[in-house]
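The structure under discussion appears below in the form of structure tokens.
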Amino acid sequence: MRNDIVAALPELSLIQDAGLRDKVLDVWEEALKTGGFSLWDLKNMPFTLLADNVSVTFLEHVRAVCQMCVGMADVVTSSYGKRVPINKDVLVAGSLLADIGKMIEFEKRGDGTLRKGHKGDMLRHPFSGVGMAFKLGLPYEVMHIIAVHSKEGDFVRRSPEAIIYHHAEFADFDLAR
């Protein structure tokens, strides 16, 4: 399964730290197993249940937002240099994991459609995502991006990487729904 995840997420290669890259893969494997999803499911399921007739898939969304984050980080770095430090490994890892909890929040029905399940009613995806990341030893800086990327982070001071992710995610959400 690991090779399939790497093939589905070429952005993993942007993580220079091999140990961090492996931990991101560990979380992906755990999420697929725990949620009962396959990569095929993620290539076909909508990235959100908060809008009707969404044609952008979960994997397309994850990849697009990650690419937006890298582009934004490059602009910030070229414009401001070390005055606004960005840890690209943390940013890419966080962007590839921010929505990972949706594999627990979402539930497949017998007819193949999705709904927010009981687990999702109890914990939104930022919480379940952090739980998996914590269990598998991801750095707190990455868990911070997962935790604060959505409305749950509106009352927390976001790191530079989390700010970038938050804005890229909502830009993509507004454009893709």
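The values are calculated or read from the model by the stated rules, or taken from the named source; none is laboratory data. Computed from a predicted model, the values in this text were never measured in an experiment. Ideal geometry is used to build each Cβ from the backbone, glycine not excepted, and the neighbour counts take in all protein chains shown. Note: areas computed on protein heavy atoms with side chains; ligands, DNA, RNA excluded. Shrake-Rupley method; radii C 1.70, N 1.55, O 1.52, S 1.80 Å.
If r is the Cβ-Cβ distance from residue 55 to residue 155 and R0 is 35 Å, what FRET efficiency results, to the nearest 0.05?
Efficiency at R0 = 35 Å is approximately 0.60.
Any idea how many Lys pairs in segment 1-142 come in under 15 angstrom at the alpha carbon, given 8 or more places apart or on separate chains?
11
Stretched out fully, how many nm does the piece from residue 44 to residue 109 gain, at 0.36 nm a residue minus the Cα gap?
Length gained between residue 44 and residue 109: 21.9 nm.
Calculate, in nm to one decimal, what residue 84 and residue 171 gain on full extension: separation in residues at 0.36 nm each, minus their alpha carbon distance.
Working it through step by step, the gained length comes to 29.2 nm.
How large is ³J(HN,Hα), in whole Hz, for each residue of segment 125-130 in order, when computed from phi with the Karplus curve 6.51 cos²θ - 1.76 cosθ + 1.60 and θ = phi - 60°, using x for Gly and Pro?
In residue order, the calculated couplings are 4, x, 6, 5, x, 4 Hz.
When you count, for each residue, the other Cβ atoms within 10 Å and take the mean per peptide, how do 73-79, 35-41, 124-130, 96-102 rank with the highest first?
96-102, 124-130, 35-41, 73-79
For segment 55-175, with every protein chain kept in place, what is the accessible area per residue (1.4 Å probe, Å²)?
50
Quick one: among 89, 154, 22, which has the greatest mean-square fluctuation in a GNM of the chain with alpha-carbon springs under 10 angstrom?
It is 154.
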